[in-house]
1. If I filter region 29-57 down to residues being part of a helix (DSSP H, G or I) and open to solvent by less than 90 Å² (accessible area, probe 1.4 Å), which single residue comes out as farthest from Ile76 (Cα to Cα)?
2. Scan region 58-69 and give yes if some residue there is open to solvent by 50 Å² or more (accessible area, probe 1.4 Å) and assigned to a strand (DSSP E or B), otherwise no.
3. Pairs under 7 Å by beta carbon, first residue over 11 Å from Leu10 (Cβ atoms) and touching a residue at least 24 places away in the same chain (Cβ under 8 Å) in region 59-72, partner among the aromatic types (Phe, Trp, Tyr) and not in a loop (DSSP other than H, G, I, E, B), six or more apart or different chains?
4. Check region 6-22 and report whether any residue there is assigned to a strand (DSSP E or B), touching a helix residue (DSSP H, G or I) at 6+ places or on another chain (Cβ under 7 Å) and either β-branched (Val, Ile, Thr) or exposed (fewer than 13 other Cβ atoms within 10 Å of the Cβ) (or both).
Amino acid sequence: MKNENVRVQLNFPIEHVTKPIIWHLAHDYGLKFSIRRATIDVHTGGFTVLELSGPMEKIEAGLEWARSEGIETSHIG
């Protein structure tokens, strides 16, 4: 499988800021990540911009899982 690099933004509603979403992306889907920008607050929610690296199938599966957990995701071109 060919590794791809994708930049994504994860938006965390206030009720989900304490969930270990990025940990699961790394450990459950085998993705490497680099945090490019983040603003997280337990009182207001927040966002994280990540560069994810791995097979595209695993990236898409991981992002689909994150959406099922209530995290909004968007690709950044």
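1. Tyr29
2. No, the conditions are met nowhere in region 58-69.
3. Ala61/Tyr29
4. As a first pass, look at region 6-22 and keep what is assigned to a strand (DSSP E or B): 6-12.
Still in the running and touching a helix residue (DSSP H, G or I) at 6+ places or on another chain (Cβ under 7 Å): 6, 8, 10.
Remaining after also requiring either β-branched (Val, Ile, Thr) or exposed (fewer than 13 other Cβ atoms within 10 Å of the Cβ) (or both): 6, 8.
The answer is yes, given that some residue of region 6-22 is assigned to a strand (DSSP E or B), touching a helix residue (DSSP H, G or I) at 6+ places or on another chain (Cβ under 7 Å) and either β-branched (Val, Ile, Thr) or exposed (fewer than 13 other Cβ atoms within 10 Å of the Cβ) (or both).
The values are calculated or read from the model by the stated rules, or taken from the named source; none is laboratory data. Note that the structure is predicted; figures quoted are calculated from it, not measured. Cβ coordinates were reconstructed from backbone atoms using ideal geometry, including for glycine residues, and neighbour counts include every protein chain displayed. Side chains are part of the model used for accessible areas, which takes the heavy atoms of the whole protein and leaves out ligands, DNA and RNA. Shrake-Rupley method; radii C 1.70, N 1.55, O 1.52, S 1.80 Å.
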